[in-house]
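Please read the structure below before turning to the comments.
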């Protein structure tokens, strides 16, 4: 690969003061101060941009912003780099200026509107060439001017392929990234999911797993296991464990099969460094290490990035830049490393960034368009969580449009339910369905392998599903081995198919589980279903469900009037019950948990406040309550975000928030955490439901932990360290 | 942030099988992990790291086991397998079949325990346990793979046939019969009788065969003997209890097999004879006449000629002749849940604890007190099984049971040398223990161990805690 240009050698114009852009539409005058405001207002309405105060107030204002944006030249955008909160050009923005100077020179005098027209008229080769002359901001500005057909059409022209063992993204292909995640990295389950995916012709882009535990030992063990599966099945593909880039570098150094180096990217340097613990220098070092030591050898691309609209916003580090533009800035950073694949997971975060199907679909189309145009081999993972309003059908509309737009790959998450990350993505069935609808095949190397194994067959020159398609037993020595593996798969609703789709009984089970889980989120917290216990009711600042789901921060604060009524009680423990993201979890666990918890604490000599019930609360609501009541420890029982398993949708967690009340303890906690302002330490007991840690037993575990916290005046990792030292 | 309970540690499991014909050892490594699909702790991804070559079990002239010779084999197995007795998490040693009938069988079991330490449980003469182990070793996986089919596994060795009926990975019924290859021994290569055990002689007598030691059996006489044994096996497969009530079949019964009615069980085979059957069925042929000096090869041939017994040969179990040792290594120990009520004053392991009672979760104080009185009379403590899963799902039930245990303990306190172990199927140990000890205000020599499946056993052994969990083994299944 070509040498990386040092950051200091990338020329970026000096920032300029914000200008005012103004226009009149009919009799309304609109003005926008600065490019950030203009870009934000020009986009389709999205929850994240509304939360950031960047979205247009109405459709007319949006069109006014688009009109203004369309009139600006590319040179105008080039000359006005967006800056961070300190007015400086950050490292991510700087990397975005690493563009093809010749291509840019060709289009610099054009307005964005004119460039859009040119791209719609141009041949694919010209689109691909000109795209390399764009910064992320320019690509984002174009995206905001385009409608759905245009986003699909231009992206299709800009199709980009990349190659490792397989060549992904070639015309006529649709590949798949197999994701065999498991909540505890159970390798038998991983094997079962890999077999299931491969049998559906999935995994030709990558077999990649998000580890539950990001340690060198664990990541190395999983890499070794995936490598063994790849070799044993003979599938021509590549493997990856999506741990932090530092862990992967250590694994590479230790000789583990790090074939593809993964990292999540952000579009602002503050998010990248402070939240993802990654710098451009570290990415440069990882790329260089892979070039020197990567096992795939020369000629292969090996970097893999994931991005998705909204991460900068949710960390509050978006620098006043809208979600789509931040996303495009990620692509400018990714392009520096000539990656094998970029996967976009817009929709993963929740309703605070994308509330409904439209927002998710349009963002996905924008992301795919921007990435492809800028030169990236884009794969797409239109996805959702159950606390948004996005549905499986909306996701399927997105995949249909993205397949038409030439997405390089989609995800294969078995039956669309990620067993570790509690979100919903595309499945191997979806991938094959889209192949059949659009007349596409897997990557050629993988296809040859799959044809030889009867996964696919050729009939009259067409690739069709073969006799072994969808049968994971193909890779098992016996039915016994398959059953043994299948028993380890949570939510294994069945392996039967109907054509490229799951058999109806399987689909019914999946959808029923989804419905029950979604109901858990939208159910109202009902005090009558809490076992007749007496609670004091305290309101959070989220006064309704819509506000609660779309503004995560306000559920952590108390309503001002209710807060004013609280006064110090100086109890040892205050119990707080909140629905969080699942009232059903609270209804099913609290009636059996709280009586045992109170018995255990009281019999152990712990003083208790009257338990509090906080509808629409978040975990950190413990802190204003702890502060106001001056409790030593706040035990918050809160419903977790439901995944796709009906019983697990009733899963609750207990967060034990220890209030640091004296300077000596604060000094110890600060020394341990490195945070001099530390106020609370947390221990958590999770997975409380009748299929995990049953509520009655969970109560006793909480009692034990609470007594340890009070005795040691510490919680979380500091407490565990103290306990381990004492045990030793 | 801290989580309750830890798991994931890799542990070593071992098994030693001293049988009528051969003895062998096995060692495996497995990770203790939560199965997210079942919600239970289990040994995940076991890897067999050592399999000894089987050796002929050495007997002395009087029929006793040659313990000195076996000790040498055992030392060699430990060395070959790199097995450090200190590192063993759990395991078993079992003296089976004719070997268990030797006068010094128990002495061998004691020797194994002394050599391998507290993690090992060694038993002699536990025929139903043998049958259970053989089923789990041979058919545990197969049975779970075909959960709709009942499977009757016949583990045919030198001295006994250990029969166990199971479905969906669980044993439903077990029995043991003296149907084996070595009740009659021959000079290899022919049918000249070298030895006739008591039951072998009885069969010869019943069939009117007058040959004695030194005489050669005619082919028709051999066929009559194997025909009788095959008939007995068919009677087992079809649940013909009446067959075993008549002489001489009654002589073959050690532990009767009581098959539940209405189950058309598929028949599988394990043990040495089982291994011969599947090898021959796969086209490998049988070894030469009486190559092992017994009836094993002829019995296998006769079984292969039985339509009933060969109906399901397409179902091939695992581990063949090593089914028992595999069952011992991989299936003889259960892993408890990760949240237990243990007692600092009662060090683990606890061995040979009788299970004195099996009570429902709502057992009244009188029944609990009566069971507690039995525990008080034990040598080193005892277990009470709280039967029925789901009985402790509600806080009221837990509180009530814990309260009654506390009351019973207060009325008749136990000595720390005779602790009470409550075995629960539900995940509720810490809560029950909390109420039973008034959350630490009324300490008692009480351990509560949960997520333990019910077994019809008489004794249990509780191993040392590791990662918040304990291994527990059961024996005395007769």
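The values are calculated or read from the model by the stated rules, or taken from the named source; none is laboratory data. This structure is a prediction, so every number in the text was calculated from the model and none was measured. With ideal geometry, Cβ positions are generated from the backbone for all residues, glycine too; neighbour counts draw on all protein chains shown.
Tabulated data for the structure shown
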| read-out | value |
| --- | --- |
| Residues being over 12 Å from residue B:154 (Cα atoms) and surrounded by 24 or more Cβ atoms within 10 Å (Cβ to Cβ) - total across the stretch B:305-324 | 2 |
| Tally of residues being closer than 12 Å to residue A:206 by Cβ and assigned to a loop (DSSP other than H, G, I, E, B) across the stretch A:162-190 | 5 |
| Residue within the stretch A:70-80 that is under 30 Å from residue A:274 (Cβ atoms) and outside any helix (DSSP H, G or I) present | yes |
| Residues within the stretch B:236-262 that are part of a helix (DSSP H, G or I), more than 12 Å from residue B:163 (Cβ to Cβ) and in contact with a helix residue (DSSP H, G or I) (Cβ under 9 Å, 6 or more places away or on another chain), tallied | 6 |
| Filtered residues of the stretch A:170-185 (kept if surrounded by fewer than 24 Cβ atoms within 10 Å (Cβ to Cβ), within 14 Å of another protein chain (Cβ to nearest Cβ) and at negative phi) | A:181, A:183, A:184 |
| Qualifying residue in the stretch A:611-632 (condition: in a helix (DSSP H, G or I), buried (at least 22 other Cβ atoms within 10 Å of the Cβ) and within 14 Å of chain B (Cβ to nearest Cβ)) | yes |
| Residue identified as crowded, with 24+ Cβ neighbours inside 10 Å and either at pLDDT below 85 or within 12 Å of another protein chain (Cβ to nearest Cβ) (or both) among B:155, B:126 | B:126 |
| Answer residue from the stretch B:44-96, given it is part of a helix (DSSP H, G or I) and touching a helix residue (DSSP H, G or I) at 6+ places or on another chain (Cβ under 8 Å) and is nearest to residue A:186 (Cα to Cα) among those | B:85 |
| Strands (runs of 3 or more DSSP E) lying entirely in the stretch B:407-465 (those with 1 or more residues that are within 24 Å of residue A:705 (Cβ to Cβ) and within 13 Å of another protein chain (Cβ to nearest Cβ)) | B:420-424, B:446-449 |
| Residues located in the stretch A:3-34, provided they are more than 23 Å from residue A:64 (Cα to Cα), over 32 Å from the mean Cα position of the chain (by Cα) and outside any loop (DSSP other than H, G, I, E, B) | A:9 |
| Matching residues in the stretch A:228-244 - criterion: being more than 15 Å from residue A:453 (Cα to Cα), over 25 Å from the mean Cα position of the chain (by Cα) and buried (at least 17 other Cβ atoms within 10 Å of the Cβ) | A:229 |
| Candidate set: the stretch B:390-406, residues that are more than 10 Å from chain A (Cβ to nearest Cβ) and free of Cβ contacts under 8 Å to residues at least 40 places away in the same chain; chosen: the one nearest to residue B:41 (Cα to Cα) | B:391 |
| Flag if residue B:233 is closer than 20 Å to residue B:312 by Cα, within 14 Å of chain A (Cβ to nearest Cβ) and either touching a strand residue (DSSP E or B) at 6+ places or on another chain (Cβ under 7 Å) or outside any helix (DSSP H, G or I) (or both) | no |
| Condition check for residue A:520: without any contact (Cβ under 8 Å) to a residue 24 or more places away in the chain and either buried (at least 21 other Cβ atoms within 10 Å of the Cβ) or in a helix (DSSP H, G or I) (or both) | no |
| Subset tally (residues that are within 28 Å of the chain's Cα centre (by Cα) and either under 18 Å from residue A:142 (Cα atoms) or assigned to a helix (DSSP H, G or I) (or both)) for the stretch A:47-61 | 8 |
| Conditions (1) more than 7 Å from chain B (Cβ to nearest Cβ); (2) crowded, with 24+ Cβ neighbours inside 10 Å; (3) more than 20 Å from residue A:591 (Cα to Cα); number of the one not met by residue A:706 | (3) |
| Hits in the stretch B:316-352 (condition: assigned to a loop (DSSP other than H, G, I, E, B), within 14 Å of chain A (Cβ to nearest Cβ) and either touching a strand residue (DSSP E or B) at 6+ places or on another chain (Cβ under 9 Å) or within 20 Å of residue B:124 (Cα to Cα) (or both)) | B:316, B:317, B:318, B:319, B:336, B:337, B:338, B:339, B:340, B:342 |
| The one condition in (1) more than 10 Å from chain B (Cβ to nearest Cβ); (2) crowded, with 24+ Cβ neighbours inside 10 Å that residue A:726 fails to fulfil | (2) |
| From B:433, B:382, B:463, residue being buried (at least 23 other Cβ atoms within 10 Å of the Cβ), closer than 24 Å to residue B:351 by Cβ, free of Cβ contacts under 8 Å to residues at least 40 places away in the same chain and touching a strand residue (DSSP E or B) at 6+ places or on another chain (Cβ under 6 Å) | B:382 |
| Tally, over the stretch A:667-691, of residues that are within 8 Å of another protein chain (Cβ to nearest Cβ), more than 15 Å from residue A:657 (Cα to Cα) and at pLDDT 85 or above | 1 |
| Residue match in the stretch B:281-299 (condition: outside any helix (DSSP H, G or I), modelled with pLDDT under 95 and within 24 Å of the chain's Cα centre (by Cα)) | no |
| Which numbered condition residue A:421 misses (of (1) touching a residue at least 60 places away in the same chain (Cβ under 8 Å); (2) outside any helix (DSSP H, G or I); (3) within 29 Å of residue B:315 (Cα to Cα)) | (3) |
| Residue match in the stretch A:531-539 (condition: part of a helix (DSSP H, G or I), at negative phi and modelled with pLDDT of 95 or more) | no |
| Criterion (outside any helix (DSSP H, G or I) and modelled with pLDDT of 95 or more) met by exactly one of A:350, A:400, A:379 | A:379 |
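To keep it simple, each residue is scored yes or no on (1) within 8 Å of chain B (Cβ to nearest Cβ); (2) farther than 27 Å from residue B:315 by Cβ.
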residue	(1), (2)
A:472	no, no
A:475	no, no
A:480	yes, no
A:489	yes, no
A:498	no, yes
